Amino acid sequence: MTTSAQTVIAPARAKTAAHTATVRRKQGFQHGGWFVAPFLSLFALFVIWPLLRGVYLSFTDANISGDSANFVGLDNYREALKDPLVWDTLGHSAYFTLMVVPCITVLAFFLAMLAHHIERGKWLWRLCFFAPFLLPSTVAANLWQWLFNPGTGMINHVFGLDTPWLTDKSYAMLAVVVCTLWWTVGFSFLLYLAALQGIPDHLYEAAKLDGANAWHRMVHITLPMLRNITGLVIALQILASLQVFDQAVVMMDFMPGPEESTRTIVQYTLEEGFTSYRVGYASAISIIFFVIIASVAVARMWLLRKREEGVR
Amino acid sequence: MTATQVQANVRARRPWTPSQIVLTLLGTAVSVVFMAPLAWALFTSLKSETEAVEVPTHWLPKDWTTQAWTAIFDTGNITNWFVNSVVVSVCVTAVVLLVSSLAGYGFARTEFRGKSALMGLVMAGLMVSPAVLGVPLFTTVQQMGMVDTYWGMILPQCAPAAMVYILYKFFQGIPRELEEAAFIDGAGRWRVFFTIVLPLSRPSLAAVGIFTFIASWNNFLWPYMVTNNPDLMTMPNGIATVMNSYGIQWAQLMAGGLMAGLPLIIVFVFFQRQIVAGVAHTGLAGQ
């Protein structure tokens, strides 16, 4: 009796068990809305809503107090495109980007090669090259403002110069660039260092067997293997450099610099919004700037996709 | 250990080839250049205010004094700013870790309506920052009545699309079978998330946490926009605005700057391996 009953029940049980298992397995991955809800609510409030609000405000003459905004159509955009200060400050940000990006890429690569190939004290090189990145931007800026100070600063003293770094139009932005290089190269340096460590040793060993010298190994193995990371470093640096603000304002004591030569687009936008109280106009400039940033990001994605297709 | 012993040990490990000597010398020279500004800040902070601005300038203080350091503690709000920085960065890091790991997992593993559209929105959010949309973000926070509050400083820093994206990529790489096995054993999915998925993700979470903390500790622009109240300011903000506002006192400014920068540098010395892996990991995930 018992045996026959068991043989009848067992397959049925096994069947239901298997069924519950499938159901459970599937259900586990269903209805994930609650996982993303906390992030999405913060994201909606502090990223998406300000973006939409910025678009709305850019069509109004809103001021900082937020009362009685009138719809003005495209007036703000028309004014922005004619405003020489928009073009000047955009130019300053672009000039800064053009100087910083190539320098930082080359310098980061050079530092990473050094730290990777010196066999002793690796942690010390890493610490020295990366430490400045751990400082707040304002501290780095104050420090370089002090170093570039014409009378009492160390730069002129050490190099025996008499250059008015922070008060002359032709040097001011250069001083901001030097500060930025010192302060931020550590991040790109670490990216390069990690990428160098990821290149398999056997490539170099094979090349050595074939009689390739150090220079050939760098040109034919290291550089091609670092192509992706170089693209990433350049893209991240372009996006970050276009948004430069902190160093420039702090080094110039929150002023636009000599003959307004270090006033960036971010600074101009914030001045229009918070000093001139023209929130509508500032929003229009912000949206124009957002479109520029977004085009850079989209261009990078397009380039990446094109390269992937090329590989295939 | 004497110097000769140290040398003997080193020599026992690896030979000093000519190329290693050249590279090490070059590395030392570059390191000195990189460290010189920090040394200059430290020496300046140990001079008196009058000696700091003496011409011609000199590296080492003639009279070593801690005047500047005691002055910033006695007169300024620097302890206040330090506490604010700690509160803001710790809160931001905790919230970001929680919400972005949940969201990363939700996007990587679960199904819900509108998922791909929402993921696209998050990707678009990568391009929005206070530098790009500062004015509309400020008016939004103003509408919520959060200007000059801790909430106003903390919450807008808690929605970093980049961190969600990094964890999303990571969760996609975990084999599904682990979770499936747990589901079959009857574990609920919250339990699976907290007891199986999260422990597996420790290195990625560490990376996101460290990176968020650095970014938040050093954030200047957002606290600068959202508060003018010296009692609410964070270190970078207080140093840049209050200490710069009435006749700069360089020795004090350098002392304050070091105090803002040193905690992270000391943390870096101890957790170097994790931080390097973390920065590399967070950065590389963007590839």
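None of the figures in this text is laboratory data; all of them are computed from the coordinates on show. No experiment lies behind these values; they were computed from the predicted model shown. Because the Cβ atoms are built from the backbone with ideal geometry, glycine has one as well, and the counts that use them run over all protein chains shown.
Assuming charge only on the beta carbon of Lys and Arg (+1) and of Asp and Glu (-1), the dipole of the protein assembly as shown about its Cα centre is about 2940 debye to the nearest 20.
Taken as Cα centroids, region A:103-138 and region B:31-49 sit 19 Å apart, rounded to the nearest whole angstrom.
Just to be sure I understand the rule: take each whole DSSP H helix in chain B, project its Cα atoms onto its long axis, keep it if the span is 27 Å or more and its mean Kyte-Doolittle hydropathy is at least 0.0. Which ones pass? Counting only whole DSSP H runs, the qualifying helices are B:18-45, B:78-109, B:250-270.
Our helix-only sum for chain B, with -39,500 (n - 2.57) per DSSP H run of n ≥ 4 divided by its residues, gives a mean residue ellipticity at 222 nm of -23000 deg cm²/dmol. Over region A:75-311, the alpha carbon radius of gyration divided by the compact-protein estimate 2.2 N^0.38 Å works out to 1.20.
Label reach from B:Phe112 (point 7 Å along Cα→C-beta): in region B:165-186, amide nitrogens under 18 Å belong to B:165-169, B:171-172.
Here's the picture: a label point sits 7 Å out from the Cα of B:Leu98 along the beta-carbon direction, and within region B:145-173 the residues with their amide nitrogen under 14 Å of it are B:155, B:158-159. The simple Förster model, with R0 at 41 Å and r as the Cβ-Cβ distance, assigns B:Ile196 and B:Leu60 a FRET efficiency of 0.10.
If you average the alpha carbon positions of region A:253-311 and of region A:30-58, how far apart do those two centres end up, in angstrom? Spelled out, the Cα-based centre of one part sits 22 Å from the other. Under the combined filter of DSSP loop state and at most 15 neighbouring Cβ atoms within 10 Å, region A:62-169 retains these trypsin sites (Lys or Arg not before Pro): A:Arg120.
Counted over all Cα-Cα pairs of the protein assembly as shown, pairs farther apart than 32 Å make up 54 percent.
Residues whose amide H falls under 5 Å from that of A:Thr60, counting only those 5 or more places apart or on a different chain, are A:Val72, with hydrogens built in the peptide plane. Every pair of different Cα atoms in region B:63-137 enters the Kirkwood calculation, which places the hydrodynamic radius at 16.7 Å. Restricting attention to the protein assembly as shown, lysine pairs at least eight places apart or on different chains and with alpha-carbon atoms under 25 angstrom apart total 8. Put a dot 7 Å past the Cα of A:His220, heading toward its Cβ, do the same for B:Ser19, and the two dots end up 1.5 nm apart.
Springs join every pair of Cα atoms under 10 Å in this Gaussian network model of chain A, and among A:Ile288, A:Ile64, A:Ile238 the largest mean-square fluctuation is at A:Ile64. When you restrict to C-alpha pairs under 8 Å that are six or more residues apart and normalise by the size of chain A, the relative contact order lands at 28 percent. Exposed loop sites here mean chymotrypsin sites (Phe, Trp or Tyr not before Pro) with a DSSP loop assignment and at most 13 other beta-carbon atoms within 10 Å; chain B contains its longest site-free run at B:65-245. The GluC sites (Glu not before Pro) of region B:21-102 meeting both criteria, a DSSP state outside H, G, I, E and B (loop) and at most 15 other C-beta atoms within 10 angstrom of the site's C-beta, are B:Glu54.
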